[in-house]
1. Hey, with R₀ at 25 Å, roughly what FRET efficiency would residue 83 and residue 152 work out to, going by the Cβ-Cβ distance, to 0.05?
2. Starting from 0.36 nm per residue, how many nanometres of slack lie between residue 30 and residue 44 once their C-alpha separation is accounted for?
3. Suppose each label sits 7 Å from its Cα in the direction of the beta carbon; what would the residue 220-residue 203 distance come out to in nanometres?
4. Could you check the simple spin-label distance between residue 418 and residue 176, using points 7 Å along Cα→Cβ, in nm with one decimal?
5. Among 93, 188, which comes first, second and so on when ranked by fewest other beta-carbon atoms within 10 Å?
6. Please arrange 408, 79 by counting, for each residue, the other beta carbons lying within 10 Å of its beta carbon, fewest first.
7. Decide, for the stretch 342-445, between rounded, prolate and oblate: order the square roots of the alpha carbon gyration tensor eigenvalues as a ≥ b ≥ c, take rounded if a/c falls under 1.5, and otherwise choose prolate if a/b is larger than b/c, else oblate.
8. Taking the structure as given and computing Cα Rg over 2.2 N^0.38 Å, which label from [x] 0.94; [y] 1.13; [z] 1.00 fits?
């Protein structure tokens, strides 16, 4: 398949997915306008009610966005889907908050429905709003309040399920805009589909993952408080993936425990029977990697991601920009090029604070004999005898090392957000089209 055909394929899937998603979130609201419609009161009142229904519809769509279906992530990459999920969740929260605020502005006496002796369906609505507030607050300030990642994930899922059930109970209890029996049934169907999606993600998918187990084949310390973990499949052929993709990895626990973490594959896509992950010590899970033992059981969910050279096979060459452990997916792409005997030139701009913390530096030096790799290391805290680039990655450094046809190359950026954002600006100032710049979003939660 040519690059033009691949681009059309991704665009087609993207348009199809976006259209289906739009139809999904509008369907519950459209149901209200079909058939007999109850008389309204004022525009503000009806608008507030519409905000509540719209918020619930968006909340239900969150389960689809996080269900990790390959057909929904193929066009954009799951990192983009999760980023989109974050913003949709905030929009849903604002709409949901506007629902009671506007109603109370129209009719202040509604405050009586927030007291303990209020009708059950009104208390259900207030409790749903409280669950969403807790969900948003613990997501935004998780790191500040010291909420451990795995605990947050389980709490996040519980609050989401609770909010959906209580919100639907509130709508059914009010029974004004959905008083027709068929509308009741449709809203129950919407709610049931959202809950089924949640159960699929939390029960069915983990069960399927557990049927394709892995074992730890090797664990090796790297520079910069990092480890390279290597896994081998047990009783199956392994995982086919594109270079640069990632998986959710589960160690020490069952796949049902909701304790998996996303990591990029740093090994070659040409060797699916032996998967490696170069992981930096950054949190609770990664701090325990030194305790991993050879032979230990593991589970993988994937592959995911659109950050891959295989999406742009016709490029005359590739440019990689990495910061810190952002080298992991790039390392996987370089190893894949080496195993394929690819003779196209490659440039790697690798920025970090000092040489002692430059993760996988030894592996990169070894790859220079197998790939046409132009390795440019930029050290912010370089030793006195360092002859390479110093300071931070800049437009000047890029121009010094890139070839004359640099506008025709494909650029892959992975690292801290501040670094990749600055690199994107530099590349755009150099006249490189945004179509040739591909950035891996470092954090999804």
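Derivation of every value follows stated rules applied to the coordinates shown; laboratory data play no part. Note that the structure is predicted; figures quoted are calculated from it, not measured. Ideal geometry is used to build each Cβ from the backbone, glycine not excepted, and the neighbour counts take in all protein chains shown.
1. Details: r = 18 Å, r/R0 = 0.70.
The computed FRET efficiency comes out at 0.90.
2. Working: separation 14, 0.36 × 14 = 5.04 nm, distance 1.88 nm.
Gain in length upon complete extension: 3.2 nm.
3. 4.3 nm
4. 5.1 nm
5. Numbers: 93 19, 188 13.
The order, fewest Cβ neighbours first, is 188, 93.
6. On the way: 408 13, 79 21.
Result, fewest neighbours first: 408, 79.
7. On the way: a/c = 1.41, a/b = 1.18, b/c = 1.19.
Taking the square roots of the gyration eigenvalues as a ≥ b ≥ c, the stretch 342-445 is rounded.
8. Derived directly from the coordinates: [y].
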